[in-house]
Amino acid sequence: MLKVDQISTFYGKVQALDRASIEVGENEIVSIIGANGAGKSTMMRSIMGLVHPKSGTITYQGENITNLKTNQIVTRGIVYVPEGREVFPELSVEENLEMGAFSRKYTAAKMRSLLEEQYAVYPRLKERRKQAAGTLSGGEQQMLAMGRALMSKPKLLMLDEPSMGLAPILVEQIFDIIKELHAAGTTVLLVEQNAQMALSIADRAYVLGTGRITMSGPAAEVLADDRVRSAYL
């Protein structure tokens, strides 16, 4: 589904990715783990067109999307839940969800159906649907950010540090939801510092260090590798 081939991405003169390559197959969960500053978020931002690689290519379903704008990438079925959630704080929960479907031009009936789908997955959001998103807890905002992303029915869902700042019980809930989404047919690319959780649900995994892919393979093998265990677990 997605092939990132030898991309090098810079912020000014600072190089964040150095000839990094990953692949995501259809209906896989692929996890990228690594320390702070390793380039994980830059990988996501490069795929989404929020920053463009200086070299290398990004191919999605056979199409070169390396230099497309972010809105063009979204309409192709890739959706990104950024680190820090970035909900619209002054809009209500329901208005935030509706914004997730902005590019799709749904009918009112279709919009209501999609909202009910998200409320079935996240009943807490239904209880708070008229509440300003900025007043939600961190866990509720993460659920809202994921629900908003799913309103456009993405083919590839990219999640950047979904467990950041959450209590352990909420982390388990978020990962249970990710597994349910995958079981329903959504392909997931997951960036996580919680290596144990990320690798436990993934099909394949990559380890990113200082902008370079240092290890890759089946997630179970990466999880069992002594170098990974000593560095990240």
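The values are calculated or read from the model by the stated rules, or taken from the named source; none is laboratory data. Being a predicted model, the structure only gives us computed values, none of them experimental. Because the Cβ atoms are built from the backbone with ideal geometry, glycine has one as well, and the counts that use them run over all protein chains shown. SASA here: full protein model, heavy atoms, side chains in, ligands and nucleic acids out. Shrake-Rupley method; radii C 1.70, N 1.55, O 1.52, S 1.80 Å.
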Residue that is nearest to Leu181 (Cα to Cα), among those in the range 116-148 that are open to solvent by less than 40 Å² (accessible area, probe 1.4 Å) and free of Cβ contacts under 8 Å to residues at least 24 places away in the same chain: Tyr119
Can you spot a residue in the range 100-109 that is assigned to a helix (DSSP H, G or I), at pLDDT 95 or above and either farther than 22 Å from Gly49 by Cα or aromatic (Phe, Trp, Tyr) (or both)? no
Could you figure out which of (1) open to solvent by 20 Å² or more (accessible area, probe 1.4 Å); (2) in contact (Cβ under 8 Å) with a residue 24 or more places away in the chain; (3) not in a loop (DSSP other than H, G, I, E, B); (4) not hydroxyl-bearing (Ser, Thr, Tyr) isn't true of Asn36? (3)
Can you tell me which residues in the range 51-65 are part of a strand (DSSP E or B) and either of a type outside the set (Asp, Glu) or in contact with a Ser or Thr (Cβ under 9 Å, 6 or more places away or on another chain) (or both)? Ser55, Gly56, Thr57, Ile58, Thr59, Tyr60, Asn64
Can you find a residue in the range 3-20 that is open to solvent by less than 10 Å² (accessible area, probe 1.4 Å) and outside any strand (DSSP E or B)? no
What are the residues in the range 64-110 that are open to solvent by 50 Å² or more (accessible area, probe 1.4 Å), aliphatic (A, V, I, L, M) and farther than 20 Å from Arg128 by Cβ, if any? Ala108, Ala109
Please determine whether any residue of the range 16-38 is at pLDDT below 95 and touching a Leu at 6+ places or on another chain (Cβ under 6 Å). yes
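Conditions tested, residue by residue: (1) in a loop (DSSP other than H, G, I, E, B); (2) of a type in the set (A, V, I, L, M, F, W, C); (3) under 22 Å from Val30 (Cα atoms).
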position: Asn67; (1), (2), (3): yes, no, no
position: Val79; (1), (2), (3): no, yes, yes
position: Arg85; (1), (2), (3): yes, no, yes
position: Leu97; (1), (2), (3): no, yes, no
position: Tyr119; (1), (2), (3): no, no, no
position: Lys130; (1), (2), (3): yes, no, no
position: Ala145; (1), (2), (3): no, yes, yes
position: Leu159; (1), (2), (3): no, yes, yes
position: Ser163; (1), (2), (3): yes, no, yes
